[in-house]
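Data block below; observations after.
The values are calculated or read from the model by the stated rules, or taken from the named source; none is laboratory data. Everything quoted here is computed from the prediction, not taken from an experiment. Just so you know, the surface numbers come from the protein's heavy atoms only, side chains and all, with ligands and any DNA or RNA stripped out. Shrake-Rupley method; radii C 1.70, N 1.55, O 1.52, S 1.80 Å.
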Amino acid sequence: VVVDASAAYLRRQHLDALADGAALAAADAIAGERVYLSGLDERAGVDPELARAQVAEHLRVVGAHRDYPGLSYRVSTTPDSVEVRVVTPLELPFAPPGWAAETQVSGMATAFVQVVG
C-alpha cells in the first residue's frame, strides 16, 4: 500500500508540473502574440482555440504522450486564464481490496494573464 501511495503521489507531482508548463506556455503565447500584433487593452482576452493549440504543442514538444501512455488533457479558459488538467492511468503493483489494478491520476494548473498598467 505504501508503494501504491508513493507511486500515485509522485505521478501526481509530475502531472502537476506538466500541467503547469502547458498552462504557462499557452498563457505566454497568447499574451505575446497580442502584444506584438495589436497591443493589449485592459484585458488580455484569452483565445480558447489558441490556448488549446499551445497546450497540445507543449505536450508534444516535452514528450508527454511518450512518457505517460494513455495521457489525456482538458483545457478550460476564461477571458484572463488558462486551466489545464492532465490525466493518465497508473498501474498499481498491489491493488487494495475493492480497487482496480489500474487507476487514474491527474494534475492541474492555471495560468493567469494580467495586464498591469
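The table that follows gives values for the structure above.
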item	result
Heavy-atom SASA rank of 91, 102 (probe 1.4 Å, accessible area, largest first)	91, 102
³J(HN,Hα), Karplus 6.51/-1.76/1.60, whole Hz, each residue of the range 50-64, x for Gly, Pro	5, 4, 4, 5, 5, 5, 4, 5, 4, 4, 5, 5, 7, x, 4
82, 62, reordered so the largest accessible area comes first (probe 1.4 Å)	62, 82
By accessible area with a 1.4 Å probe, ligands and nucleic acids excluded, highest first: order of 85, 74, 11	74, 85, 11
Integer Hz, Karplus 6.51/-1.76/1.60 couplings in order for the range 102-109, x for Gly and Pro	10, 10, 10, 10, 10, x, 8, 8
